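Peer 1: Okay, handing you the structure first.
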Amino acid sequence: MNYIIKLPPKSKREEIIDAWVNDILNDHEYKKLRATLDELIASGFNRDGVMFMFLHKSTHEIARKKILEQSHYELADIAFSTPISLN
């Protein structure tokens, strides 16, 4: 049996990344990121599709790049050199 997962459009990925970067730099409770993910799921996007998009390697790479560009922390490149965790 095949399980087809429909991913949200890439414009939604930008919303996820922007919320994630904002929360990493400003709000360590990830309120905006959680609200963005919940909003996408509530608007009809498949939960698994939203999570696959969030966990995808390219999403992490874009988020990491934006974090390093916007962070004033001198060791940010070391802090974000490993995969980003959901914990």
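Peer 1: Select from segment 2-41 the residues that are among the β-branched types (Val, Ile, Thr), surrounded by fewer than 18 Cβ atoms within 10 Å (Cβ to Cβ) and modelled with pLDDT of 85 or more and list them in ascending order. Reasoning before the result, please.
Peer 2: Residues of segment 2-41 that are among the β-branched types (Val, Ile, Thr), as a first pass: 4-5, 16-17, 21, 24, 36, 41.
Checking which are surrounded by fewer than 18 Cβ atoms within 10 Å (Cβ to Cβ) leaves us with 4-5, 41.
Within segment 2-41, just ILE41 meets the criteria.
Peer 1: Suppose we filter SER43, SER58, SER11 for residues that are closer than 29 Å to LEU75 by Cα, free of Cβ contacts under 8 Å to residues at least 12 places away in the same chain and of a type in the set (Ser, Thr, Tyr); which single one remains? It would help to see each step written out before you state the result.
Peer 2: Numbers: SER43 fails: closer than 29 Å to LEU75 by Cα; SER11 fails: closer than 29 Å to LEU75 by Cα.
Being closer than 29 Å to LEU75 by Cα, free of Cβ contacts under 8 Å to residues at least 12 places away in the same chain and of a type in the set (Ser, Thr, Tyr) holds for just one of SER43, SER58, SER11, which is SER58.
Peer 1: I need the full set of residues from segment 32-52 which are among the charged types (D, E, K, R) and either in contact with a helix residue (DSSP H, G or I) (Cβ under 7 Å, 6 or more places away or on another chain) or more than 22 Å from ARG64 (Cβ to Cβ) (or both), in order please.
Peer 2: Those that are among the charged types (D, E, K, R) and either in contact with a helix residue (DSSP H, G or I) (Cβ under 7 Å, 6 or more places away or on another chain) or more than 22 Å from ARG64 (Cβ to Cβ) (or both): LYS32, ASP38, GLU39, ARG47, ASP48.
The values are calculated or read from the model by the stated rules, or taken from the named source; none is laboratory data. All values reported here derive from a predicted model rather than from experimental measurement. Heads up, the Cβs are rebuilt from the backbone with ideal geometry, glycines too, and the neighbour counts pull from every protein chain shown.
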